[in-house]
Amino acid sequence: MHEPKDKSSDKTLTVVIPCYDEQESLPTLFERMDALVQNSEKLSPKIEYTLLFIDDGSNDNTRKLIREYASQHTYVDFIFLSRNFGKEKAMYAGIEHVHTDGMVIIDADLQDPPELIPQMAELWIQGYDDVYARRRSRDGESWLKKATSRWYYELLQRVSGVAIQKDTGDFRLFDRKCIDALRRLDESERNSKALFSWIGFKKIEFLYDRDKRIAGKTKWNYIKLFHLAMDGITSFTILPLKIATWVGCLVSISAVIYALVVLIRTLVQGIDVPGYASTLIVVLVLGGVQLLSLGIIGEYLGRIFMQTKHRPNYLIQEEHLHR
Ligand code: UDP
Ligand code: MG
């Protein structure tokens, strides 16, 4: 444990809430957020909260609800993106617009209980820069989702060489230092989970029970997860390219050896015509390896292409910010 800092120093904290079609969850979220903000006034050191809603192109009443809520409270800000850019970009929009001493990212569906924020802030005040919430349990998620997410963490950890926090979502508190660091990483193919690990700083884990979604349904599907996983891997390592090289070397060496064998056998035993099976196998195997390698190169090339276009990560339609 680090020495606690001056208890009297008040801090400002922004809670960033990415929302995409969350009209069912918002009323409860507002209530629980209000409670959080009001309770903080009694605590010492005082934490002054700002709520920053990032609407990621919702098609339901989410925007209307947020606009109304913001008109009733001075501590509520919002940014409406011009369309759905995905949670990664929505979070980045938050990171780029936070002006406070710290920020917390929390899901709108209340899977991450806002009541835990004061405890996270406690650790922050003690001097930690990145307080990440780790799930003790994952209610309401299938065995398959849990297992795939575990394998993915394992793989990402191995290939990236940075310690990736397991069972950690995006529910975390960042100090200003981390926010500034994250802003400098303006990669177009973002994988926040890996970037959050990559920046380093003084991290501490915080165990919690992840609740079920209170309403609506998850926007995740396996295709999205697959893309996220590919981004994670390709943005952190060129290992797949190296594997392609190794496989290429191995195949070439085997080919030379096999060529010698065939040559010697032909010289010794004369020409032996039936060679259909072996020819076919060689053609198929080589063809497969070549296509796979091209695909791997393509994955990287595509990402270089996206990055060189320097397109903005998101576009803003409407904003309401107090600063
Ligand atoms: N979200 C978003 N943009 C999207 C998809 C999701 O901003 O394209 C938000 C969503 O409103 C929620 C959070 O990201 O606040 C987590 O989404 P979800 O609950 O669908 O994911 P899960 O909890 O199942 O991982
Ligand atoms: Mg959720």
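The values are calculated or read from the model by the stated rules, or taken from the named source; none is laboratory data. A quick note: this is a predicted structure, and the numbers were derived from the prediction, not measured. Every residue, glycine as well, gets a Cβ built from its backbone with ideal geometry; the counts of neighbours run over all protein chains shown. SASA here: full protein model, heavy atoms, side chains in, ligands and nucleic acids out. Shrake-Rupley method; radii C 1.70, N 1.55, O 1.52, S 1.80 Å.
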**Fill in**
Scanning the stretch 76-130 residue by residue, the ones that are acidic (Asp, Glu) and under 16 Å from Leu51 (Cβ atoms) total 6
**Prompt:** Out of curiosity, is Gly287 surrounded by 12 or more Cβ atoms within 10 Å (Cβ to Cβ) and away from ligand 2 (no atom under 16 Å from the Cβ)?
**Reply:** no
**Asked** In the stretch 111-128, how many residues are more than 9 Å from ligand 1 (Cβ to nearest atom), out of contact with any Pro (no Cβ under 9 Å at 6 or more places or on another chain) and either open to solvent by 10 Å² or more (accessible area, probe 1.4 Å) or farther than 16 Å from Pro45 by Cα (or both)?
**Response** 9
**Asked** Among the residues of the stretch 130-143, is there at least one that is in a loop (DSSP other than H, G, I, E, B) and surrounded by 20 or more Cβ atoms within 10 Å (Cβ to Cβ)?
**Response** no
**Request:** Could you pull out the residue among Glu187, Glu154, Glu205 that is open to solvent by 50 Å² or more (accessible area, probe 1.4 Å), within 15 Å of Ala229 (Cα to Cα) and out of contact with any Cys (no Cβ under 8 Å at 6 or more places or on another chain)?
**Result:** Glu154
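Quick grid of which residues meet (1) open to solvent by 20 Å² or more (accessible area, probe 1.4 Å); (2) away from ligand 1 (no atom under 16 Å from the Cβ); (3) farther than 18 Å from Asp101 by Cα:
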{"residue": "Asp10", "(1), (2), (3)": "yes, yes, no"}
{"residue": "Val15", "(1), (2), (3)": "no, no, no"}
{"residue": "Pro18", "(1), (2), (3)": "no, no, yes"}
{"residue": "Ser40", "(1), (2), (3)": "no, yes, no"}
{"residue": "Leu43", "(1), (2), (3)": "yes, yes, no"}
{"residue": "Phe53", "(1), (2), (3)": "no, no, no"}
**Complete:** Among helices (runs of 4 or more DSSP H) completely within the stretch 178-274, the ones holding 1 or more residues that are within 24 Å of Val104 (Cβ to Cβ) are 192-198, 222-234
**Request:** Scan the stretch 81-96 for residues that are surrounded by 20 or more Cβ atoms within 10 Å (Cβ to Cβ) and either away from ligand 1 (no atom under 15 Å from the Cβ) or more than 17 Å from Arg184 (Cβ to Cβ) (or both) and jot them down.
**Result:** Leu81, Phe85, Gly86, Lys87, Ala90
**Prompt:** What number of residues within the stretch 20-50 satisfy the criterion of being among the basic types (Lys, Arg) and in contact with an Asp or Glu (Cβ under 8 Å, 6 or more places away or on another chain)?
**Reply:** 2
**Complete:** Cβ pairs under 9 Å, 6+ apart or interchain, first in the stretch 85-101 and under 22 Å from Leu225 (Cβ atoms) and within 16 Å of ligand 2 (Cβ to nearest atom), second among the small types (Gly, Ala, Ser) and open to solvent by 20 Å² or more (accessible area, probe 1.4 Å), ordered by first then second residue, are none
**Request:** Take the stretch 310-323 and flag every residue that is open to solvent by 70 Å² or more (accessible area, probe 1.4 Å) and at pLDDT 85 or above.
**Result:** Pro312, Leu315, Gln317, Glu319
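Conditions (1) free of Cβ contacts under 8 Å to residues at least 40 places away in the same chain; (2) open to solvent by 100 Å² or more (accessible area, probe 1.4 Å), marked per residue:
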{"residue": "Arg265", "(1), (2)": "yes, yes"}
{"residue": "Ser278", "(1), (2)": "yes, no"}
{"residue": "Val282", "(1), (2)": "yes, no"}
{"residue": "Tyr300", "(1), (2)": "no, no"}
**Answer from Tyr258, Tyr208 - the residue that is out of contact with any His (no Cβ under 8 Å at 6 or more places or on another chain), within 16 Å of ligand 2 (Cβ to nearest atom) and at pLDDT 75 or above** = Tyr208
**Message:** Out of the residues in the stretch 25-35 meeting the condition of being in contact (Cβ under 8 Å) with a residue 40 or more places away in the chain and surrounded by 18 or more Cβ atoms within 10 Å (Cβ to Cβ), tell me which one is farthest from ligand 2 (Cβ to nearest atom).
**Reply:** Met33
